[in-house]
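Engineer: Just dropping this structure here.
The values are calculated or read from the model by the stated rules, or taken from the named source; none is laboratory data. Treat the numbers as computed from the prediction; the structure is a model and nothing was measured. Cβ placement follows ideal geometry from the backbone for every residue including glycine, while neighbour counts extend to all protein chains displayed.
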Amino acid sequence: MAELEATQEAVARAEAELREASCTVRSRDRAVEVTVGHQGELTALRFLDGKYRTMTAGELAGSVLEAAERARTQMARQVMETFEPFTRPSDAVPEMTGVDVDWRAIFGPSVLEDGAERPGQRRSERLRDEIHEDAEDEHDV
């Protein structure tokens, strides 16, 4: 019973700690900076050094989305690291097997990737291409 109570208290502390957590990330092109809260919600957006003035709408949108996605992924990983000890079985009480958490279902499959670029085109570049193509399509109509 003491082990269960200690685990419940630890979970409550972890939840309280995460409620105050945030993650700030700059886009790879260093044009924007985003901050997300503990649930991945966008809480701040800054345009850095006036770079946005020389960017197309598609480039700027791509930078914002790329930074937001990276920040959300980092925050999700922080949540996973915080709760990871509760997924392991208890050494003291064999009946406490730990919580089985499907992180992919909660955060999506990208959170479990190592962050390395996949072969071929990066996601943000594909997004910029799609936005650019959409803008061209509108002018052709």
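Engineer: Considering only residues of segment 54-89 that are of a type in the set (Lys, Arg) and closer than 20 Å to Ser27 by Cβ, which is modelled with the highest pLDDT?
Structural biologist: Initially, segment 54-89 is screened for residues of a type in the set (Lys, Arg), giving 70, 72, 77, 88.
When the remaining residues are screened for being closer than 20 Å to Ser27 by Cβ, the result is 70, 72, 77.
Details: Arg70: 94, Arg72: 91, Arg77: 88.
This residue is Arg70.
Each row is one residue, and each column tells you yes or no for (1) of a type in the set (Gly, Ala, Ser); (2) in contact with a Phe, Trp or Tyr (Cβ under 6 Å, 6 or more places away or on another chain); (3) assigned to a strand (DSSP E or B).
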residue	(1), (2), (3)
Gln8	no, no, no
Glu15	no, no, no
Arg30	no, no, no
Val36	no, no, yes
Gly40	yes, no, no
Glu69	no, no, no
Thr82	no, no, no
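Engineer: Please specify each residue of segment 60-85 satisfying the condition of being crowded, with 19+ Cβ neighbours inside 10 Å and farther than 17 Å from Trp103 by Cα.
Structural biologist: Correct list: Leu60, Gly62, Ser63, Val64, Glu66, Ala67, Ala68.
Engineer: Filter segment 51-67 for residues that are part of a helix (DSSP H, G or I) and more than 30 Å from Glu15 (Cα to Cα) and give the result.
Structural biologist: Going through segment 51-67, the residues part of a helix (DSSP H, G or I) turn out to be 51-54, 57-67.
Within segment 51-67, Lys51, Tyr52, Arg53, Thr54, Ala57, Gly58, Glu59, Leu60, Ala61, Gly62, Ser63 qualify.
Engineer: Only residues in segment 26-53 that are more than 10 Å from Ala67 (Cα to Cα) and at pLDDT below 95 count as the first member; pair them with residues that are outside any strand (DSSP E or B) and of a type in the set (Phe, Trp, Tyr), Cβ under 9 angstrom, at least 6 apart or cross-chain, and list the lot.
Structural biologist: Filtered contacts from segment 26-53: Gly40/Phe107.
Engineer: Show the residue pairs meeting these rules: Cβ distance below 8 Å; 6+ apart or different chains; first residue within segment 71-85 and under 13 Å from Val36 (Cα atoms); second residue among the basic types (Lys, Arg) and not in a helix (DSSP H, G or I).
Structural biologist: Here the result reads none, with nothing in segment 71-85 linked to a residue that is among the basic types (Lys, Arg) and not in a helix (DSSP H, G or I).
Engineer: I've got another one for you. Just for segment 1-16: of the residues that are surrounded by 10 or more Cβ atoms within 10 Å (Cβ to Cβ), under 16 Å from Asp91 (Cβ atoms) and among the hydrophobic types (A, V, I, L, M, F, W, C), which one is modelled with the highest pLDDT?
Structural biologist: Restricting to residues being surrounded by 10 or more Cβ atoms within 10 Å (Cβ to Cβ), under 16 Å from Asp91 (Cβ atoms) and among the hydrophobic types (A, V, I, L, M, F, W, C), the top hit is Ala10.
Engineer: So, one more: Being out of contact with any strand residue (DSSP E or B) (no Cβ under 9 Å at 6 or more places or on another chain) and of a type outside the set (Ser, Thr, Tyr): is that true of Gly50 here? Walk me through how you get there before you give the answer.
Structural biologist: On the way: out of contact with any strand residue (DSSP E or B) (no Cβ under 9 Å at 6 or more places or on another chain): yes; of a type outside the set (Ser, Thr, Tyr): yes.
Against the criterion (out of contact with any strand residue (DSSP E or B) (no Cβ under 9 Å at 6 or more places or on another chain) and of a type outside the set (Ser, Thr, Tyr)), Gly50 qualifies.
Engineer: Let me ask another. Name the one entry in Arg30, Arg13, Arg19, Arg26 that is among the basic types (Lys, Arg) and over 19 Å from the mean Cα position of the chain (by Cα). Full working, then the answer.
Structural biologist: Numbers: Arg30 fails: over 19 Å from the mean Cα position of the chain (by Cα); Arg19 fails: over 19 Å from the mean Cα position of the chain (by Cα); Arg26 fails: over 19 Å from the mean Cα position of the chain (by Cα).
Matching residue, one of Arg30, Arg13, Arg19, Arg26: Arg13.
Engineer: Looking for whichever is among the small types (Gly, Ala, Ser) and within 18 Å of Phe107 (Cα to Cα) here; the options are Ala2, Ala68, Ala10. Which one fits?
Structural biologist: Working: Ala2 fails: within 18 Å of Phe107 (Cα to Cα); Ala10 fails: within 18 Å of Phe107 (Cα to Cα).
Only one candidate passes the filter, namely Ala68.
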